[in-house]
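Each remark here refers to the structure printed beneath this line.
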Amino acid sequence: MSYTRVSKLAPCPICKKPDWCRVFTDGWVECMRVQSDRPAKSGGWMWGPRGDSTPHPGPLPDRGGEGVGRPPTINATKLHRDWLAATTPTQLAEFASALGLSVAALVAANAAWAEPHSAWAFPMCDGHGNVVGIRLRRADGIKFAVRGSRQGIFLGKAESGKAESGKVLFVCEGPTDTAAAVELGLFAVGRPNCCCGGADIKIYARRHRCHRVVIISDNDKPGLDGARKVGGELKLPFAVYVPPAKDLREFVRRGGTRAMIENTLNNTVWSKT
């Protein structure tokens, strides 16, 4: 079953957002933010052509989702390593300038130029740091994945093998917000969308002996609901932080600092799960 990725010109008919979701030719929508009673293998939810989640008349066709739990069907590690080796300092500098971030932050997020896709590539990892897929981002902001990828989390720094106790883990949405967190000096990972990634983040947090988690969320109902859902899956004290901007990257571009975030968190009630 073929599908079309949502965009700014054609946003998701369910959540009204311009990314992550997709619309199939039979009218069904896979929304990655708004829950229905029909979960999809990719971690999102299916909505019928009439904007409801009534059962499909007969078996649903294979929609090609990047299902959590299944093994990737590509050698994502080699693909990304090859693209990383071919990425030039000039390309990285131009991309960093367009995002309003430093080259160092993008290097920490393992950004690489994927020439065959004319897009920037970010590795998706499991909770142990193994690359299981690759997320792509085109110049127009459209996001998709290399076919055969498995969904995973984005790491904000290279795996060092060192686990320091007492860390606070900041959980962002997507790879560029994760790079923005690194820009602020935060220990960060990125979830694949607002409501997924809890299982891998839980493993990663325990491996690095994190004692608390901050979920960074968009200031809307799907974002806040997703943040609370992911936070509740981690079995650690967590807080939800909403930056005073569209997202964390915009917060950094406007001059936001780590101290501003920490001052807000000082007055935040931490949830205990």
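The values are calculated or read from the model by the stated rules, or taken from the named source; none is laboratory data. All of these numbers come straight from a predicted model, not from anything done at the bench. Cβ: placed from backbone, ideal geometry, glycine included. Neighbour counts: every protein chain shown.
Taking Arg38 and the conditions (1) within 26 Å of Gly148 (Cα to Cα); (2) modelled with pLDDT of 85 or more, which numbered condition does it fall short on, given that it satisfies the others?
(2)
Before we move on, is Asn263 farther than 19 Å from Pro192 by Cα, surrounded by fewer than 23 Cβ atoms within 10 Å (Cβ to Cβ) and at pLDDT below 95? Can you show your working first?
Numbers: farther than 19 Å from Pro192 by Cα: yes; surrounded by fewer than 23 Cβ atoms within 10 Å (Cβ to Cβ): yes; at pLDDT below 95: yes.
Yes.
Run Ala188 past the list (1) surrounded by 14 or more Cβ atoms within 10 Å (Cβ to Cβ); (2) closer than 27 Å to Ala98 by Cα; (3) without any contact (Cβ under 8 Å) to a residue 24 or more places away in the chain; (4) of a type in the set (A, V, I, L, M) and report the number of the one that doesn't hold.
Result: Ala188 fails condition (3) only.
What helices (runs of 4 or more DSSP H), lying completely within the stretch 203-273, carry at least 2 residues that are under 13 Å from Leu184 (Cβ atoms) and not basic (Lys, Arg)?
Working: elements: 221-233, 248-253, 258-265.
It comes to 248-253, 258-265.
Answer with yes or no whether Val252 is of a type in the set (A, V, I, L, M) and surrounded by 18 or more Cβ atoms within 10 Å (Cβ to Cβ). Working first, answer last.
Values: of a type in the set (A, V, I, L, M): yes; surrounded by 18 or more Cβ atoms within 10 Å (Cβ to Cβ): yes.
Answer is yes for this residue.
Quick one: in the stretch 66-99, of everything that is at pLDDT 95 or above and assigned to a loop (DSSP other than H, G, I, E, B), which residue is surrounded by the most Cβ atoms within 10 Å (Cβ to Cβ)?
Thr87
Which residue out of Asp218, Asp225, Asp247 is surrounded by 15 or more Cβ atoms within 10 Å (Cβ to Cβ), under 16 Å from the mean Cα position of the chain (by Cα) and either within 15 Å of Glu183 (Cα to Cα) or not assigned by TED's automatic domain parsing to the domain that holds Arg191 (or both)?
Numbers: Asp218 fails: either within 15 Å of Glu183 (Cα to Cα) or not assigned by TED's automatic domain parsing to the domain that holds Arg191 (or both); Asp225 fails: either within 15 Å of Glu183 (Cα to Cα) or not assigned by TED's automatic domain parsing to the domain that holds Arg191 (or both).
When all the criteria are applied, what remains is Asp247.
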